[in-house]
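The values are calculated or read from the model by the stated rules, or taken from the named source; none is laboratory data. Everything numeric here is computed off the predicted structure, so don't read it as measured data. Cβ placement follows ideal geometry from the backbone for every residue including glycine, while neighbour counts extend to all protein chains displayed.
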Amino acid sequence: MPEEMNRTKKDLADALRQLLAKKPLDQIRVREVTELCGIRRQSFYYHFTDVSQLFDWAMEQERACLPARQENCLTWQQAAADLLAYTAENRAFYLAILENRGRAGLRKVLDGAVENFLKPALTYYLERSGTPPDPAAEQARFLWWRTMLLSLLEDWLEGDLCQPPEEVIALLERDLRDGLAGAAWKNLARRGTIE
């Protein structure tokens, strides 16, 4: 895609985000978006048919960029904290996703970022516990944790979860470690080390 075309679309998406902080998606008009970013209406219609299509494009861009944000995170805790902080900073946009595209839309945007840090974290804790590989159990565990984290992010966005990111991460880590301790104990019993 030519650079100029990409910049125009990004400017339109940025203007949409600003407007979402003030009003619901269904009340935003093309004229408002174009006036805010100084683009003619014809340019808008060259790229998008309506505000809803612009919103969908912005969601796809978000889905693509979230995992890249985590590349500099050294631990899963840093990646999770970054995701919580970023969604808090962009709460209006993420609430608009939830309100207009539902849980499925929110999951579609956040899934890649959650998977990026969750799979390595679960693998690390399983290896530390001495649990033998079991792909079916690992997949089930991953799906459970992913569902829990996505629900947590939804509650975070809606304001039902009031703890700061550090406390949420500490609770998640405690639960993972408790699972590690239980798995290690189970593995010791299986090997006959304890009775």
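Residues Leu12, Leu66: which one is buried (at least 18 other Cβ atoms within 10 Å of the Cβ), in contact with a His (Cβ under 9 Å, 6 or more places away or on another chain) and in contact (Cβ under 8 Å) with a residue 24 or more places away in the chain? Spell out how you get there, then give the answer.
On the way: Leu66 fails: in contact with a His (Cβ under 9 Å, 6 or more places away or on another chain).
Going through Leu12, Leu66 in turn, just one is buried (at least 18 other Cβ atoms within 10 Å of the Cβ), in contact with a His (Cβ under 9 Å, 6 or more places away or on another chain) and in contact (Cβ under 8 Å) with a residue 24 or more places away in the chain: Leu12.
Please tell me if Leu118 is surrounded by 15 or more Cβ atoms within 10 Å (Cβ to Cβ) and either at pLDDT 75 or above or at negative phi (or both). Can you show your working first?
Values: surrounded by 15 or more Cβ atoms within 10 Å (Cβ to Cβ): yes; either at pLDDT 75 or above or at negative phi (or both): yes.
It is true that Leu118 is surrounded by 15 or more Cβ atoms within 10 Å (Cβ to Cβ) and either at pLDDT 75 or above or at negative phi (or both).
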Among helices (runs of 4 or more DSSP H) entirely inside region 1-104, those with 1 or more residues being of a type in the set (Phe, Trp, Tyr) are 41-47, 51-69, 76-89
Cβ-Cβ distance below 8 Å, separation of 6 or more or different chains: which pairs start in region 112-132 with a residue that is in a helix (DSSP H, G or I) and end on one that is acidic (Asp, Glu)? Leu122/Glu138; Thr123/Glu138; Leu126/Glu138
